[in-house]
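One structure below.
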Amino acid sequence: MRAFFDDRQWAHDPKHFVSSGQLTANPEQPKRIEILSQGAKEANCKFETPKDFGMGPISDIHSPRYLTFLQTVHTRWQRSVHSKSEVVPSIHPLSRGDSYPASAIGQAGFHQADTSCPIGADTWKSAYWSAQSAINLGAHMLDGDQSGYALCRPPGHHAFAEVAGGFCFLNNSAILAQYLTKRGARIAILDVDVHHGNGTQGIFYDRDDVFTVSLHADPSRFYPFYWGQANETGKGRGSGFNLNFPLARKTGDDDYLVYLKRALSQIETFCPDIIVVALGLDAAESDPFEGLSITTNGFSRIAASIAKLRKPLAVVQEGGYLGPDLGMNLRSFLEALED
């Protein structure tokens, strides 16, 4: 299986993370790359350095002012607060329909949903090449291959068109889906991260040309809290084209696969040309977020179930954090796809 990753994705090294009022280490560490790439290689992935497709595919999803913010805010922040620290918001608008501020501090609150997406000097560079890895996967899929993997780090599925959040800055899965859609492919996105893909849902919520499906821990008491319930089915032309399966905490392999079967039945009815799999390995029983309880063998069973649709599968890395089974879980998933 061909895979895509650029070494510039190592550079983003976030230090700041406030969770439940506690300042702690950010879980989205560069070391994830080392573990995930080893797991992918053990699954016989052949990594390639992505080519630069430019800003066009990224700006098909994200607004110009948001992309300008990501590229410039760290430098502006240093001038505004007289600190070389990461950009972390301290104030948020009641509504993003309110006025757009001129200051770096105000724009940080507008464009960053929470404290888990600090912006450092190298964040834009890493996010840009993470997105390019996904775009290269799209070009590869259009060449006719049946599967491929993009090691996208930082991840993307919590990023909206104008808002970063949940360790995510550019929505790699959405960028890939739009890239394929513009070139005539019919796309479904299947998100199996432990957290709801709220950014992806928001981007496509009023569209009927991309079918978005997410299986995740029930957000009533779990991040992202405000999105991901079963009654969120789309709006306008997109009504019925968004599907959520909020699962009880600690759901294990067998019960998960029951809901996955329902999701895959809906995807099969949509009849996509390519399925974008937003692969979050943080559904694992050993993941530090402890949302679901999927075993290493469970990831193999999930992949095998998806593969039964006999559709080309573009796998985009989302979550999955430092734990004893991270690399094995990726290997298990990718090997099952190849089998």
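Read-outs: derived from the displayed coordinates by stated rules, not from any lab. The structure presented is a predicted model; accordingly, all values stated were derived computationally and were not measured. When we count neighbours, we look across all protein chains shown, and the Cβ atoms used for this are built from the backbone with ideal geometry, even at glycine.
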Task: Nonlocal amide H pairs with L243, under 5 Å, H built at 1.01 Å - done: T212, V213, S214
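What is the diffusion coefficient of segment 98-184 in µm²/s, taking the Kirkwood radius over Cα pairs and the Stokes-Einstein relation at 10 °C with a viscosity of 1.306 mPa s? Present the calculation step by step, with values, prior to reporting the outcome.
Numbers: Rh = 14.0 Å.
Diffusion coefficient, whole number: 114 µm²/s.
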Open item on the list: Taking the alpha-carbon distance from K15 and a cut-off under 23 Å, which lysines remain once sequence neighbours fewer than 8 residues away in the same chain are dropped?
Closed with: K31, K84, K125
- [ ] Choose one of Y205, L264, T24: the residue whose Cα lies farthest towards the positive end of the charge dipole of the chain (beta-carbon charges +1 Lys, Arg; -1 Asp, Glu; about the Cα centre).
- [x] Y205
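Taking 35 Å as R0, compute the FRET efficiency from the Cβ-Cβ separation of S95 and N231 and round it to 0.05.
Values: r = 22 Å, r/R0 = 0.62.
With a Förster radius of 35 Å, E is 0.95.
Determine the sum of side-chain charges near D208: Lys and Arg each +1, Asp and Glu each -1, restricted to other residues whose C-beta is under 14 angstrom from that of D208. If you can, show how the numbers build up before the last one.
Details: positive: R186, R207, K235, R237; negative: D206, D209.
The answer is +2.
Which percentage, to the nearest 5, of the DSSP beta bridges contained in the chain is antiparallel?
Antiparallel bridges make up about 10 percent of those DSSP assigns within the chain.
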Open item on the list: Cut-off 10 angstrom, C-alpha nodes, Gaussian network model of the chain. Which of P93, P27, P50 fluctuates the most?
Closed with: P93
Open item on the list: Just to be sure I understand the curve: with the Debye formula and one point per C-alpha of segment 50-128, what is log10 I(q)/I(0) at q = 0.13 Å⁻¹?
Closed with: -0.41
Task: Debye intensity ratio in log₁₀ form over the Cα atoms of segment 1-155, taken at each q of 0.08, 0.17, 0.19 Å⁻¹ - done: -0.27, -1.04, -1.19
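For segment 106-187, what's the relative contact order in percent, using C-alpha pairs closer than 8 Å and at least 6 residues apart? Show your work: numbers first, answer last.
Values: 110 pairs, mean separation 27.0, N = 82.
Relative contact order, segment 106-187: 33 percent.
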TODO: Quick one: P(r) of segment 136-193 from all Cα-Cα pairs, 5 Å bins, percents rounded to integers, in order of increasing distance.
DONE: 4, 18, 27, 26, 16, 8, 2
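Across every pair of different alpha-carbon atoms, what Kirkwood hydrodynamic radius in Å does segment 267-339 reach? Write down the numbers at each step before the final one.
Working: mean 1/r = 0.0796 Å⁻¹.
Kirkwood hydrodynamic radius for segment 267-339: 12.6 Å.
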TODO: Could you work out the equivalent-ellipsoid semi-axes for the chain, taking the square root of 5 times each eigenvalue of the Cα gyration tensor, largest first, in whole Å?
DONE: 29, 21, 21
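Got the relative contact order for the chain handy, in percent, Cα pairs under 8 Å and 6 or more residues apart? Don't jump to the answer; show the numbers that get you there.
On the way: 774 pairs, mean separation 62.5, N = 339.
Taking the mean separation of contacting Cα pairs over the length of the chain, I get 18 percent.
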TODO: Once you've got the GNM for the chain with C-alpha springs shorter than 10 Å, pick whichever of L180, L94, L137 has the biggest mean-square fluctuation.
DONE: L94
TODO: Give me D for segment 160-304 in µm² s⁻¹, whole number, from Stokes-Einstein with Rh from the Kirkwood sum over alpha-carbon pairs, 37 °C and 0.692 mPa s.
DONE: 216
